[in-house]
């Protein structure tokens, strides 16, 4: 056996051995997207129940008056923003000298955690179709080898695997793109609300903290 044939054999063995892991990962991603679907549905229902903001400037006036974010405002915002506002109010009550730095760190930490959740969905957009393509090409190689040996049954089995993995991979990519677009819009809205109220609190901070000393 010459060196070229040896390399071809090695590559063929490696490629064939990847079919089971690829199919396993596709099934795992499918179950993962079902879990994400439930999470997004729950979040969508929660956001639908939120009280609609008529004029955010009125809310900001209320913040300026009470020197913090009133708890009655929490009903206007998602769970992510509510948890952030609670921690922000805790920092306000401490009257820390490093208030602005700690608030900035809190804001960046919250935004980073929200983006991490979005990244989990965005990865499926790339990984799903890639695994689908791998699941197509790998059995096609064994199928063509079977065709050369006249084994039509094995060829048809390989083609079924190839086409079904393609459909699953592309389907995962489409669904993940749809979910990612929705999630990204929600995150942008939450980040905008957190930043607006944080800037308001930061500007008030120099005044009322200075008066409290």
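No value in this document is a laboratory result; all are computed from the given coordinates. Please read all numbers here as calculations on a predicted model, not as lab measurements. In this analysis, Cβ positions are derived from the backbone assuming ideal geometry, glycine residues included, and neighbour counts consider all displayed protein chains.
Provide the packing ranking of 69-77, 43-51, i.e. peptides ordered by the mean count of other C-beta atoms within 10 Å per residue, highest first.
69-77, 43-51
Can you give the helix-only mean residue ellipticity at 222 nm for the chain, where every DSSP H stretch with n ≥ 4 adds -39500 (n - 2.57) and the sum goes over all residues, rounded to the nearest 500 deg cm²/dmol?
After summing the helix terms and dividing by residue count, I get -31000 deg cm²/dmol.
Can you pull the one-decimal nm distance between simple spin-label points at residue 35 and residue 159, each 7 Å off the Cα toward Cβ?
3.7 nm
If you average 1/r over every pair of different alpha-carbon atoms in segment 1-89 and take one over that average, what Kirkwood value in Å do you get?
About 18.1 Å for segment 1-89.
Using a/c under 1.5 as the rounded threshold, could you call segment 38-94 rounded, prolate or oblate? The axes a ≥ b ≥ c are square roots of the C-alpha gyration tensor eigenvalues, and prolate needs a/b larger than b/c, oblate otherwise.
Judged from the Cα gyration tensor, segment 38-94 comes out oblate (a/c at least 1.5, b/c at or above a/b).
With axes computed from alpha carbons, what is the tilt in degrees of helix 99-148 against the longest principal axis of the chain, rounded to the nearest 10 within 0 to 90?
10 degrees
Pairing the Cα long axis of helix 79-94 with the longest principal axis of the chain, what angle in degrees results, from 0 to 90 and rounded to the nearest 10?
40 degrees
Any idea what the relative contact order of the chain is, in percent, if you count C-alpha pairs under 8 Å spaced at least 6 apart?
After rounding, I find 29 percent.
Tell me, what is the FRET efficiency for residue 100 and residue 71 to the nearest 0.05, using R0 = 25 angstrom and their Cβ-Cβ distance as r?
0.65
Mind listing P(r) for the chain? All alpha-carbon pairs, 5 Å bins, whole percents.
1, 6, 12, 12, 11, 9, 8, 7, 6, 6, 5, 5, 4, 3, 2, 1, 0, 0
Nearest 0.05, what FRET efficiency do residue 112 and residue 11 give at R0 = 35 Å with Cβ-Cβ as r?
The formula returns an efficiency of 0.30 here.
7 Å from Cα along Cα→Cβ at both residue 202 and residue 46: what's the point-to-point distance in nm?
Each label point is offset 7 Å from its Cα along the Cβ direction, giving 2.6 nm.
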